[in-house]
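The values are calculated or read from the model by the stated rules, or taken from the named source; none is laboratory data. Note that the structure is a prediction, hence the values are computed from the model and not measured. With ideal geometry, Cβ positions are generated from the backbone for all residues, glycine too; neighbour counts draw on all protein chains shown. Keep in mind that these areas ignore ligands, DNA and RNA; they rest on the heavy atoms of the full protein, side chains included. Shrake-Rupley method; radii C 1.70, N 1.55, O 1.52, S 1.80 Å.
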Amino acid sequence: MTVIAMLVPLLSPAVPVLAIALILWLATRRRPDVSDTVADAARRHEVLVSTLSAAAAVVIAVILLWQPGAWLARTVTTGTLQAITPLVIATAFASVRALGELTWPRPHGDVRSAPLTRRTVWSLGGLRLKSALGTGFLLVAGLIATGVTADASGRGFVLQRSLGDGGSILTTAGPYPGWPSGGPVLVALALTTVATWLALVAIVRRRPLTGVPTVHDDALRHTSAHRILGGVQLCLGFTVYATWWTAGSAIANAVDGVPSRHPVLGVLAIALQAIAGCVVAGSTMAALASLWPRPVPRAEPAAPATSTGRAA
Amino acid sequence: MTDLFVALGSPVPVYEQIRAQVAAAVAVGTLRPGDRLPASRDLARDLGIAVGTVQRAYRELEAGGVVESRRRTGTVIAPTASSPGGTGTTSPPPAVVARARALVTAARQANVPDDVVLDVVRGVLAANVVSTGSTTG
């Protein structure tokens, strides 16, 4: 029994990692766009890097969510560890991805090819990058707003109403994501942003696949970028959800505690929670969609072999 | 998307291969005025060659008026590169480009290697020079 109890935390990351690896493998096999050996090997390498980055994220997630008691005792503010957990997971995910991008083979052979177009992080990320940035903006905006509107302790939301006899009613509701938890979250967000940017730059600078049409290399590069952005956006979405939902709940509780109606604050609380739900749902959908590889456009008829191996 | 191919074992220097292919892409309209070329460092990394090789190719193209270097945007196809009266590569009339494309299509369908197609074109050009005394082409 003791052995089983020890194995559970060790084996618990294995199940989601194997599930992700299986999905990635099946998604890759689902669209055999080409039967080229180099392209197949490249897709397998991409799946391996994606699986390793997901494995790192799951291991970090299990450790942080398990939260040994010794860690909680050292945490400065209650809830800080929980608040930064998704972003630490995202940072680990992006960092492993960036390291994995360095393992792609260098150009070799007598004939080399490269596209005569500029690749940038913006052109590679496309709509998904804008979506992830938008989610990050929502998080920053939410943290600043809650930090400014929190009470002196930074852990609650205060609502005051003046009474006709000169007195006032003061209602405090919490937990509220003020600066004590918002500050570490902003730092974690900065680390996540840097790690993600470095991973995207590594994908942009990755050498083209040798002997494979550019459209395949381009599709694989977009798949890599979309997968990292999908994973990071999922973590950002959960952090936005936690921040905005907690803030909405605290505001709703404070409004309920005051014997006077605050219609604006009541609507604001509902709106914050509704937006939080939409963001986490959208982020989850984006992450799931990123599991499927980008399809390769139909290739034009290949040029016959030449004495130099060059296609005109 | 235009791909660049270089053969490291070719007797033609790599920088010349790059220069010729960029000039050809401009001539047939694949690259248009204002299109940005990859930074020399990025292209060198992609091809696995020295940065100086790509820089030399870009310098040759700039000297020929095909491209121009701009501080903010980098190396771009020159506005005058494809104009018949421009200083860069003289752009052939669209009808000539269309016939060249048709020739390539026919050669591909007939499974004729690219080297042979080029030999045929050079042969026709040489024969034309002999027969008409023209020095163009």
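Go over the candidates A:T192, A:T214 one by one and state the one that is of a type in the set (S, T, N, Q) and in contact with a strand residue (DSSP E or B) (Cβ under 7 Å, 6 or more places away or on another chain). Give the steps one after another, and end with the answer.
Numbers: A:T192 fails: in contact with a strand residue (DSSP E or B) (Cβ under 7 Å, 6 or more places away or on another chain).
Within the list A:T192, A:T214, the selection yields A:T214.
Across the range A:96-108, the number of residues qualifying as more than 14 Å from every other protein chain (Cβ to nearest Cβ) and either open to solvent by less than 50 Å² (accessible area, probe 1.4 Å) or of a type outside the set (S, T, N, Q) (or both) comes to 5. The selection criterion, being open to solvent by 70 Å² or more (accessible area, probe 1.4 Å), within 11 Å of chain A (Cβ to nearest Cβ), outside any loop (DSSP other than H, G, I, E, B) and modelled with pLDDT of 90 or more, does not hold for B:T75. In the range A:120-163, what count of residues is obtained for those that are in a helix (DSSP H, G or I) and away from chain B (no Cβ under 14 Å)? Here the count works out to 25. Of all the criteria given as (1) of a type in the set (A, V, I, L, M, F, W, C); (2) open to solvent by 40 Å² or more (accessible area, probe 1.4 Å); (3) over 30 Å from A:V96 (Cα atoms), the one not satisfied by A:F157 is (2). Residue by residue through the range A:109-152, note down the ones that are touching a strand residue (DSSP E or B) at 6+ places or on another chain (Cβ under 9 Å), open to solvent by 30 Å² or more (accessible area, probe 1.4 Å) and free of Cβ contacts under 8 Å to residues at least 60 places away in the same chain. Passing the criteria: A:T117, A:R118, A:T149, A:D151, A:A152.
Whether any residue in the range A:238-261 is outside any helix (DSSP H, G or I), away from chain B (no Cβ under 14 Å) and out of contact with any strand residue (DSSP E or B) (no Cβ under 6 Å at 6 or more places or on another chain) is what I want to check. Let's see the steps before the verdict.
Our first condition is that a residue be outside any helix (DSSP H, G or I); within the range A:238-261, this holds for A:258-261.
The next check asks that each one be away from chain B (no Cβ under 14 Å); those that pass are A:258-261.
Still in the running and out of contact with any strand residue (DSSP E or B) (no Cβ under 6 Å at 6 or more places or on another chain): A:259, A:261.
Looking for residues that are outside any helix (DSSP H, G or I), away from chain B (no Cβ under 14 Å) and out of contact with any strand residue (DSSP E or B) (no Cβ under 6 Å at 6 or more places or on another chain), one finds at least one in the range A:238-261, hence yes.
Of all residues in the range B:19-41, those that are open to solvent by less than 30 Å² (accessible area, probe 1.4 Å) have Cβ atoms under 6 Å from Cβ atoms of residues that are in a loop (DSSP other than H, G, I, E, B) and among the charged types (D, E, K, R), 6 or more apart or on another chain, in B:P38/A:R118.
For the range A:231-253, the candidate set comprises residues that are small (G, A, S) and buried (at least 24 other Cβ atoms within 10 Å of the Cβ); within that set, the residue that is nearest to A:S113 (Cα to Cα) is A:G231. Here the range A:267-277 is the region considered, the condition is being surrounded by 15 or more Cβ atoms within 10 Å (Cβ to Cβ) and either of a type in the set (G, A, S) or within 12 Å of A:L159 (Cα to Cα) (or both), and the residue that is modelled with the highest pLDDT is A:A276. Exactly one residue out of A:A190, A:A173 is more than 14 Å from chain B (Cβ to nearest Cβ) and touching a residue at least 24 places away in the same chain (Cβ under 8 Å): that is A:A173.
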